[in-house]
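Following: one structure in structure tokens, then a few remarks.
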Amino acid sequence: MNIVVLCGGVGGSKLALGIYEEFPGESVTAIVNTGDDLELFGVHISPDIDTVTYTLAGLVNESSGWGLGDDTFRALGMLERYGHVGWFHLGDADLATHLVRTEMLRNGATMTEVTQFISQRLGVTATVLPMCDEPVRTRVRVADGWLAFQEYFVKRRHADTPFAVEFSGVKDARMSTPVLRALEVADIIVVAPSNPVVSIGPMLAVPGFRESICDARAPVTAVSPFVGSESVTGPADALMRAIGGESTSIGLARHYADWIDRIVIDTSDAPAANDIRDIAVACDVTNTLMRTREDKRHLARFVVEAAW
Ligand code: GDP
């Protein structure tokens, strides 16, 4: 079975890990958002790709959900001594990943090639693919203007009310052959409970991406990142409202309705299931909160079995 999962970083990687562990004999491909990427101190950082790769490799910092476990921050400390405000947390060992990526990109490798190299070296047997090879940069408009995504998210701790979102450069992005092929041969496409606006949104904005999913023979199942009217973590609720949507599973079903077949919502939202089915999206209910390894594997199996 070919299982494809579309995901962002911390939330998405939880379900990606559940799928990876629960279906060890199957081919698993994670297509990952790169709209959050940034350049700092001359290095190219891909936070969502690194989170997914480290998670699948068993190397992630379990308490934060990102970065490497047991990493140290001496380089960041030195940068601060040189007057740089260390608002973006770069661990010492993590820095090696960014250095390798940057060097390979400078030598002409594509993001797809770099991502494959890093994930294979870290022992990941799933295929991790960037959503595209071209640079796409998510920007968020707040009261005092447009911010680069990580300025909004990390530097200002998503405390500003967002009013609009854009994916700079996306018009020039193209579907890569590996992404096209993965969608074509998929038996099931899972949309992780990642941020619909800034993790799944950039992928859908890549020209041809939405059409490729609609043309795929695989059923498409999304897991909602909303419980009640709030996101489980992070600013997905505020960002949904910023784009004129509603921050509930019903709102998500409406937002995704033209390209998904099915949505999985949390047990506590069970009363919304019929409203979702009225939007012509199939709906299943289970515990979607992934606190433990077992939760992740349970949700992975539930999602795959519901689609079949
Ligand atoms: P980011 O790129 O690191 O922000 O991560 P993602 O976009 O992949 O995931 C963020 C989203 O995951 C948030 O909107 C959360 O609501 C959602 N999320 C995080 N943990 C869980 C969970 O255990 N269950 C569900 N259903 N959603 C979750």
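When the chain is fully extended, how far beyond the present Cα-Cα distance does V100 get from R293, taking 0.36 nm per residue of separation?
Stretched out fully, the V100 to R293 stretch lengthens by 66.4 nm.
Take K171, K14 and sort them by solvent-accessible surface of the protein heavy atoms, 1.4 Å probe, largest at the top.
K171, K14
Mean separation of Cα pairs under 8 Å and 6+ residues apart, divided by the residue count of the stretch 90-192: what relative contact order is that in percent?
Relative contact order of the stretch 90-192: 23 percent.
Quick check: at a probe of 1.4 Å, how many percent of the accessible area of the chain sits on carbon and sulfur atoms?
50
What ranking do 78-91, 289-302 get when scored by the average of other Cβ atoms within 10 Å per residue, highest first?
Going by the mean number of other Cβ atoms within 10 Å, highest first, we get 289-302, 78-91.
Rolling a 1.4 angstrom probe over the protein heavy atoms, how many square angstrom per residue are accessible across the chain?
Computed with neighbouring chains in place, this is 44 Å² per residue.
What is the chain's relative contact order, in percent, from Cα pairs under 8 angstrom and six or more apart in sequence?
19
In debye to the nearest 20, how big a dipole does the chain give about its Cα centre with +1 on each Lys and Arg Cβ and -1 on each Asp and Glu Cβ?
Computed charge dipole of the chain: roughly 320 debye.
Given bins 20 angstrom wide, list per bin the percent of all Cα-Cα distances in the chain, short to long.
Bin by bin from 0 Å, the calculated values are 35, 60, 5.
List the pair-distance distribution P(r) of the stretch 92-249, using every Cα-Cα distance, as the percent of pairs falling in each 5 Å bin from 0 up to the bin containing the longest distance, rounded to whole percents.
Computed distribution, short to long bins: 2, 8, 14, 17, 19, 19, 14, 7, 1, 0.
At 7 Å along Cα-to-Cβ for each site, give me the label-to-label distance between A109 and C214 in nm.
3.6
I need to check one value: relative contact order of the stretch 1-160, counting alpha carbon pairs closer than 8 Å and at least 6 residues apart, in percent.
Value for the stretch 1-160: 23 percent.
Tally the DSSP beta bridges in the stretch 2-105 and give the antiparallel ones as a percent, rounded to 5.
Approximately 40 percent, going by the DSSP bridge assignments.
Per the Kirkwood treatment, what hydrodynamic radius in Å, one decimal, follows for the stretch 1-132 from the mean inverse distance over all distinct Cα pairs?
With all distinct Cα pairs of the stretch 1-132 included, I get 15.1 Å.
Compute the FRET efficiency between M78 and D172 as 1/(1 + (r/R0)^6), taking r as their Cβ-Cβ distance and R0 = 51 Å, and round to the nearest 0.05.
With R0 = 51 Å, the Cβ-Cβ based efficiency is 0.90.
Can you bin the stretch 200-307 into rounded, prolate or oblate? Criterion: square roots of the alpha carbon gyration tensor eigenvalues sorted a ≥ b ≥ c, rounded for a/c under 1.5, prolate for a/b above b/c, oblate for the rest.
Cα axes put the stretch 200-307 in the rounded bin.
Rounded to the nearest 10 Å², what accessible area does S231 show when all protein chains are kept and the probe is 1.4 Å?
For S231, the solvent-accessible surface is approximately 20 Å².
Between A143 and R181, what is the spin-label point distance in nm, taking each point 7 Å from the Cα along the Cα→C-beta axis?
5.1
Please give the per residue volume of the convex hull enclosing the alpha carbon atoms of the stretch 1-60, rounded to a whole number of Å³.
Cα convex hull per residue, to the nearest whole number: 77 Å³.
Quick one: which of 19-25, 282-288 comes out on top by average Cβ neighbours within 10 Å, and what's the full order, highest first?
Averaged packing, sorted descending, gives the order 282-288, 19-25.
Among all the lysines, which ones have a C-alpha under 29 Å from K296's C-alpha, if same-chain residues fewer than 8 places away are not counted?
Excluding near neighbours in sequence, the set is K14.
State the extension gain, in nm to one decimal, for the chain segment bounded by E62 and R157, taking 0.36 nm per residue of separation less the distance between their alpha-carbons.
32.2 nm
How big is the gap, in Å, between the Cα center of the stretch 231-305 and the Cα center of the stretch 41-84?
30
Counting DSSP beta bridges in the chain, what percent are antiparallel, to the nearest 5?
Once the DSSP bridges in the chain are tallied, antiparallel ones form about 40 percent.
The values are calculated or read from the model by the stated rules, or taken from the named source; none is laboratory data. Quick caveat, the model's predicted, so the values are computed rather than measured. Backbone-built Cβ (ideal geometry, glycine too); neighbour counts: all protein chains shown. All accessible areas refer to the heavy atoms of the entire protein, side chains included, with ligands and DNA or RNA removed. Shrake-Rupley method; radii C 1.70, N 1.55, O 1.52, S 1.80 Å.
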